[in-house]
Amino acid sequence: MRIGILTFHNANNYGAVLQAYCLQETLRRIGFDVEIVDYRNPLIESRMHPFSFSEFLYHPFLFVFRVLRFFPSYKHRATNFNKFRTEFLVLSKRYTAINLRTAPYNYFIIGSDQVWNPILTDGPDLVYWGQYCSKQSEIIGYAISSGVKELFDSHCFLDVSKWLSCFNRIGVREKRLEEFVNKHGYEATVVLDPTLMANPCILESITPKRIVEYPYVLVYAVGKNSNLMQIAKKKAAILNAEIVVVAPCNRSTRNTYEKAKIIDASVPELLSLIKYAECVVCVSFHGTALSLVFRKTFISVNGGNIERVSEVLTQLGLTDRIVSDDNLPENDIDYDKVTSQLNILRKKSLSFLLDSLKNDRE
């Protein structure tokens, strides 16, 4: 039996490649024949090449300015992510939407990540709704997310009942998405993101030794947040630690993060930076998830779209770790209690996955 995973593996984003790796390795270590289907959404693929020929033709001075300012950091980041994909992801041959129908899989697993977010995919990408999978294959959604909650009010989703009918089972990351699927007459189950569902030893096995020798607070940001550095500085002062920021090294980030040490980390280096930090200050779902995996003190800064983070932390009794200003949480995290609850959720999520696959291993 062969399994193909359809996800956002080609995005130069830590969470995207790590969730793909964790799902792949969880299944491989159980004994399944699994690979990442190398289908690439056109919009996500275009973001991998930010310097376009059309920009050069119509805005040559802007093009030259952007190349001089951003190309070195872009190249470094692309090299790091491509290296990770080559070394750690089991990739299929390249597929388009059309020839995906001939892909030789008994099961397609669609997810995790925001594969149902039409903003990220330039409208609904019907590949991630199972519309181009072989009719002989079973289709499972695992830990699918949709991003912003208002999106499903859009006219883009008039055919959603038809799309959902392609799935044999549907696992989603958010309660709201579960309710959305149920409202259209289909059953969905809330499950953990693969980075949390996987045995922690999967990520530990690719985590290098400590790369920053002094005590530090790690800032792991996706986009800009005005409170992030203020909170990190306050926490660093309490811990008598320095600040380390994971971000591309260019003039823009140097201006944003002032005198902090900036590291444009590879994917394994990010894991090391989280593992050995005194505290992680983050404004992303996977920053929070990876902090939980490595049992770290962390602060999740409310960046507006906090739903994906708050759902997980609510289940673990850690909503006090979400802050909107510099009023920092006072209590330490009881990781014995948190890990006990997380293991219950892991078992539930893994059971969903194995039941969906009928535990049919070669």
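The values are calculated or read from the model by the stated rules, or taken from the named source; none is laboratory data. Please read all numbers here as calculations on a predicted model, not as lab measurements. Positions of Cβ are backbone-derived with ideal geometry, glycine not excepted, and every protein chain shown enters the neighbour counts.
Key figures
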item	result
Complete set of residues in region 210-250 that are buried (at least 20 other Cβ atoms within 10 Å of the Cβ), aliphatic (A, V, I, L, M) and either over 21 Å from Ile306 (Cβ atoms) or not assigned by the TED database to the domain that holds Lys296 (or both)	Ala236, Ile243, Val244
Residue count for region 213-231, restricted to those that are more than 20 Å from Gly15 (Cβ to Cβ) and out of contact with any Asp or Glu (no Cβ under 8 Å at 6 or more places or on another chain)	2
Condition met for Ala236 (farther than 19 Å from Tyr14 by Cβ and at pLDDT 95 or above)	yes
First in region 1-15 and small (Gly, Ala, Ser), second anywhere and part of a strand (DSSP E or B), Cβ under 6 Å, 6 or more apart	Gly4/Val37; Gly4/Phe108
Enumeration of residues in region 334-362 that are assigned to a loop (DSSP other than H, G, I, E, B) and either in contact (Cβ under 8 Å) with a residue 40 or more places away in the chain or under 21 Å from Asp193 (Cα atoms) (or both)	Leu357, Lys358, Asn359, Asp360, Arg361, Glu362
Residue match in region 338-356 (condition: acidic (Asp, Glu), closer than 30 Å to Asp33 by Cβ, out of contact with any strand residue (DSSP E or B) (no Cβ under 7 Å at 6 or more places or on another chain) and surrounded by fewer than 17 Cβ atoms within 10 Å (Cβ to Cβ))	yes
Filtered residues of region 204-219 (kept if in a loop (DSSP other than H, G, I, E, B) and of a type outside the set (Asp, Glu))	Ser205, Ile206, Thr207, Pro208, Lys209, Arg210, Ile211, Val212, Tyr214, Pro215
